[in-house]
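Trainee: The structure is given below, and queries will be raised subsequently.
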Amino acid sequence: MINLELPEKLEGLSQLMRAVAENVMRPVSRKYDKQEHDVPVELQVLDRRKQAGGRAANVPGRAADGGDEVKNGANLASVISIEQMCWGDVGLMLSVPGAGLGNAAINAVATAEQKERFGTVYASMAITEPASGSDSGSISATAYLDGDEWVINGEKIFVTAGGRCDTVVVWATLDKSRGKSAIKSFVVPKGTPGMEVVKLEHKLGIRASDTATILFTNCRIPKDNVLGSSEISEGGKREAFGKVMQTFDNTRPGVAAMAIGCSRAALDLTKELLAQDGLTLNYDKPIWDASAIEAEMYRMEADWEAARLLVLRAAWMADNGQPNSMEASMAKAKAGRVGNAITLRCVELCGSVGYSEDTLLEKWARDSKILDIFEGTQQIQQLIIARRVLGLSSTQLK
Ligand SMILES: Cc1cc2nc3c(=O)[nH]c(=O)nc-3n(C[C@H](O)[C@H](O)[C@H](O)COP(=O)(O)OP(=O)(O)OC[C@H]3O[C@@H](n4cnc5c(N)ncnc54)[C@H](O)[C@@H]3O)c2cc1C
């Protein structure tokens, strides 16, 4: 283990979030795995909107103080917090009121005036549709301007926190025939006529988190609820779509941090269970003296460490205004894959104990699967990295 030291400020935050994970999340982890769709009332003490004096906070985004001279800013603080909370429970972390994926979108692309207006909301993010998943440029939900209002129509599926949030950031096209440059994101408050949550999913893992289908039928919102410009740029096709895609540069390291936290939990418990059986890992012992099971644990921890460093790098780059699309995808690809492998291998190493509901190992294996799917699957992250490395566009490499 490298035991990378965090700056003092972040170490304090990390410890605080670990305490939250231990004392608030772990005690109700199994409860909300069983009671899918029940609102985890225990999380109300963590409501980000109340904590920050009425302002949603600590979601991936720019420096909290808005300053330029950032070294370790809001993104790094966010991934550290997420990692620790997901050591507690991924589904519950995703259910903390006030910190939805839509908040990250608002943070990433809203104007100063919009950040002021939407700073206190709890926003989910609605991109996926029945006929549009990985290829988010193919969405069919529409928006058109009618006087001073946008009119939105379409169906959004698999919206995390879609049932519990108070606002949804919706991707819609102004004109499908004009391709990706016509896709914009819109802030739609819950309760707006024409917006309806019609279904909550039953899932393999992260059952504490609600996942909704939302229908938009002639749903009218104010003209200035579009995030960024509503112009369809002709020449700058990639530039315009890139603006909405920019959200992912902030959120992918966050999802990768979820995988880091969840797999750390599995490694820690496995070490504890092995110790109860008389096998304590000794990092000073020469590797050639290690048993197969010890060597396996060392290999998993090395992989985990590499993934974590990628996550920290991607978040640090975002904090410091450095383009990080490739690094964000690298972090997500590595952490998602490693997270899946570790949690499942820990179940295997602990045998029947790992497979039974007496421990949370089987739950973490289920919870971690989604972390290699949403915010872009493993294959999509690899595609993005390959395009960057080879200097190819999305039309050249599909
Ligand atoms: C629990 C949960 C929560 C979610 N939360 C949200 C949310 O909050 N907001 C939201 O908008 N969406 C959300 N999603 C949707 C999620 O982002 C999509 O499921 C994901 O992007 C994959 O899309 P898809 O399911 O349509 O799969 P598809 O795109 O149909 O992909 C199917 C398979 O084909 C592979 N594949 C696709 N294209 C390529 C390619 N070009 N090259 C190689 N392989 C490829 C994929 O990697 C995948 O393995 C959520 C999903 C789940 C399950």
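Trainee: Fewest Cβ neighbours within 10 Å first, please rank Cys219, Cys262 accordingly. Walk me through the numbers on the way to the answer.
Mentor: Numbers: Cys219 24, Cys262 31.
So the residues, fewest neighbours to most, are Cys219, Cys262.
Trainee: As I understand it, the dipole of the chain uses +1 on the Cβ of Lys and Arg and -1 on the Cβ of Asp and Glu, about the Cα centre. Which of Ser177, Ala328, Ser81 lies farthest toward its positive end?
Mentor: Ser177
Trainee: Now for a different question. Hey, got the dipole for the chain? About the Cα centre, +1 on K and R Cβ, -1 on D and E Cβ, debye to the nearest 20?
Mentor: Working: 46 positive and 51 negative charges, 171 e Å.
So the dipole magnitude of the chain works out to roughly 820 debye.
Trainee: Cα to Cα, under 18 Å, and not fewer than 8 places away if on the same chain: which aspartates and glutamates meet these conditions relative to Lys223?
Mentor: Partners found: Glu113, Glu116, Asp146, Asp148, Glu149, Asp175, Glu231.
Trainee: For the chain, how big is Rg over Rh, using alpha carbon atoms and the Kirkwood form of Rh?
Mentor: Details: Rg = 21.1 Å, Rh = 21.6 Å.
That ratio equals 0.98.
Trainee: Taking Lys180 as the anchor, which lysines have their alpha carbon closer than 16 Å to its alpha carbon, excluding any fewer than eight residues away along the same chain?
Mentor: By straight Cα distance, Lys180 reaches Lys237, Lys243, Lys398.
Trainee: What relative contact order, as a whole-number percentage, does the range 260-398 give when Cα pairs under 8 Å and 6 or more residues apart are counted?
Mentor: Numbers: 129 pairs, mean separation 38.2, N = 139.
Relative contact order, the range 260-398: 27 percent.
Trainee: Scale the Cα Rg of the range 214-348 by the rule-of-thumb value 2.2 N^0.38 Å and send over the ratio, two decimals. Could the numbers behind the result be given before it?
Mentor: Numbers: Rg = 21.5 Å, N = 135, 2.2 N^0.38 = 14.2 Å.
Taking the Cα Rg and dividing by 2.2 N^0.38 Å, one obtains 1.52.
Trainee: What lysines does Lys199 reach when the alpha-carbon gap must be under 17 Å and sequence neighbours fewer than 8 apart in one chain are set aside?
Mentor: Lys156, Lys190
Trainee: Mind running the shape call on the range 104-153? Use the C-alpha gyration tensor, a ≥ b ≥ c as the square roots of the eigenvalues: rounded below 1.5 for a/c, prolate if a/b tops b/c, oblate otherwise.
Mentor: Working: a/c = 2.52, a/b = 1.34, b/c = 1.88.
Oblate is the answer for the range 104-153, as a/c is 1.5 or above yet b/c matches or exceeds a/b.
Trainee: Testing the spin-label approximation: label points 7 Å from Cα along Cα→Cβ at Asp148 and Ala112. State their distance in nm.
Mentor: It is 2.4 nm.
Trainee: Now, a different point. Using square roots of five times the C-alpha gyration tensor eigenvalues, list the equivalent-ellipsoid semi-axes of the range 70-148 in whole Å, biggest first.
Mentor: Taking √(5λ) for each Cα gyration eigenvalue gives 27, 19, 13 Å.
Trainee: How many angstrom lie between the Cα centre of the range 183-197 and the Cα centre of the range 4-41?
Mentor: A separation of 30 Å, based on Cα centres.
Trainee: Let me ask you something else. Just the number, please: percent antiparallel of the DSSP beta bridges in the chain, rounded to the nearest 5. Write down the numbers at each step before the final one.
Mentor: Values: 29 of 34 bridges.
DSSP beta bridges in the chain are roughly 85 percent antiparallel.
Trainee: Roughly how big is the range 241-398's charge dipole about its Cα centre, with Cβ charges of +1 (Lys, Arg) and -1 (Asp, Glu), in debye to the nearest 20? Kindly include the intermediate steps, with their values, before the conclusion.
Mentor: Numbers: 18 positive and 20 negative charges, 203 e Å.
Charge dipole, the range 241-398, about its Cα centre: 980 debye, nearest 20.
Taken together, the values in this text are just the output of simple stated rules run on the coordinates, not laboratory data. As the structure is a computational prediction, the values presented were derived from the model and not from experiment. Because the Cβ atoms are built from the backbone with ideal geometry, glycine has one as well, and the counts that use them run over all protein chains shown.
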